[in-house]
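The values are calculated or read from the model by the stated rules, or taken from the named source; none is laboratory data. Everything numeric here is computed off the predicted structure, so don't read it as measured data. We place every Cβ from the backbone using ideal geometry, glycine too, and count neighbours over all the protein chains shown. Only protein heavy atoms, including side chains, enter the accessible area calculation; ligands, DNA and RNA are left aside. Shrake-Rupley method; radii C 1.70, N 1.55, O 1.52, S 1.80 Å.
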Amino acid sequence: MNLDLTALADEHLAAARTAPHGRSAHLVLHDGVLRQTVIALKAGTALDEHNAPPAASLQVLSGRVQLTTPGWADELSTGVLRMLPKERHGLTAVDDSVVLLTAVND
């Protein structure tokens with residue numbers, strides 16, 4: 001299976017810009033415990049604090065986002081790949097942004 005992540009990112013960012021909640025997401029890969037999801041967020045939109053899966057990473061496909069936990073915040077920009085903390089965390093779009101979430105769930 002081949003996916004054009006750039007086209008998918010553009011499509012979901014356009015949808016996020018017109019959505020009342022300012023976001024759009026699409027599960028692009030689900031194979032056993034592995035899941036990859038494209039998430040588009042309009043600037044200022046947040047994913048509220050939530051529990052972390054056993055293992056996960058976040059790659060910023062476009063824009064800038066702020067990854068937060070109760071004790072710190074880290075700003076990530078286009079091209080950055082970061083492991084997600086194994087604690088509760090949230091995500092806020094600084095600019096209109098698209099990320100690729102890769103998670104392994106047991």
Taking a spot 7 Å from the Cα of Glu49 along the direction of its beta carbon, which residues of segment 76-106 have an amide N less than 20 Å from it?
76, 84-94
Estimated dipole of segment 6-106 in Debye, rounded to 20 [Cβ of Lys and Arg +1, of Asp and Glu -1, Cα centre]
40 debye
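Could you report segment 1-102's accessible area per residue, 1.4 Å probe, as an integer in Å²?
Result: 55 Å² per residue.
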Where a ≥ b ≥ c are the square roots of the eigenvalues of the C-alpha gyration tensor, would you call the chain rounded, which needs a/c under 1.5, or, failing that, prolate if a/b is larger than b/c, or oblate?
oblate
When only C-alpha pairs under 8 Å and at least 6 residues apart count, what is the relative contact order of the chain, in percent?
32 percent
Here, Arg82 and Leu5, labelled 7 Å along Cα→Cβ, have an inter-label distance in nm of 1.7 nm
